[in-house]
1. Tell me whether region 94-164 comes out rounded, prolate or oblate; compute the Cα gyration tensor, take square roots of the eigenvalues as a ≥ b ≥ c, and use a/c under 1.5 as the rounded threshold.
2. In what sequence do Ile159, Ile62 fall when counting other Cβ within 10 Å, fewest first?
3. Run the paramagnetic zone check for Asn80: 7 angstrom along Cα to Cβ, then residues of region 38-52 with backbone nitrogen under 16 Å.
4. Order of Phe84, Phe53, Phe103 from fewest to most other C-beta atoms within 10 Å?
5. Between Ala90 and Ala128, what length in nm is gained on full extension when 0.36 nm per residue of separation is reduced by their alpha carbon distance?
6. Would you kindly state how much longer the chain becomes between Glu140 and Asn58 on full extension, computed as 0.36 nm times their sequence separation minus their alpha carbon distance, in nm to one decimal?
7. What FRET efficiency would be calculated for the residue pair Lys36, Ile159, taking the C-beta separation as r and a Förster radius of 22 Å, to the nearest 0.05?
Amino acid sequence: MTSLGAPSEMQNARSNAWRAAVPRPPWTDERLVREKCTSCGDCIRACPESILFAGPANTPTIDFKAGGCVFCGDCALACNEGVFRDTDAAPWTLVATVRTDCFLNRGVSCQSCTDACDETAIIFDIRAGKVGAVKVVAGECTGCGACVGSCPASAIHLISHSQQGVAV
């Protein structure tokens, strides 16, 4: 039994799962945002792709349905609070994954994700299935998220390399 006001284990688990699902801008993470972000919004206003939005406590989150990240670094340059790491480092460890609700798995022809992928990390294989299949080449995927918003089935999600079993 928890004391009044103390979060239960279930509340902590929900909170931690929610935090893990909040996509943060490149070159930062949940810990840095929580420790250093003042919610000023400078990084959000600096984003030329308009994919950063005010999320929890008005801190920056990414909505990949609005588009993909071009890794310009403008968000990091606009921040004076130390929320972002050096933009010469890898922006993050995200990689696209295609879930089973992809239209191709339903026999509906679609190549929206391959068309959106500038890195050609998502390839279309016409030999697979009735209408083909898509495959993510994890080593080529930058995690930019351009494929996420282009998918009419909402079948593409970004996960960390470690969740996919890719060496970082």
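Coordinate-derived values only; no laboratory data. Just so it is clear, the model here is predicted, and its values are computed rather than measured. Note that each Cβ is placed from the backbone with ideal geometry, even for glycine, and that neighbours are counted across all protein chains shown.
1. Working: a/c = 1.65, a/b = 1.59, b/c = 1.04.
Prolate, because a/c is 1.5 or more and a/b exceeds b/c.
2. Numbers: Ile159 15, Ile62 26.
Fewest to most other Cβ atoms nearby, the residues stand as Ile159, Ile62.
3. 38-46
4. Result, fewest neighbours first: Phe53, Phe103, Phe84.
5. Values: separation 38, 0.36 × 38 = 13.68 nm, distance 3.32 nm.
Stretched out fully, the Ala90 to Ala128 stretch lengthens by 10.4 nm.
6. Numbers: separation 82, 0.36 × 82 = 29.52 nm, distance 3.26 nm.
Length gained between Glu140 and Asn58: 26.3 nm.
7. Values: r = 25 Å, r/R0 = 1.15.
The value I calculate is 0.30.
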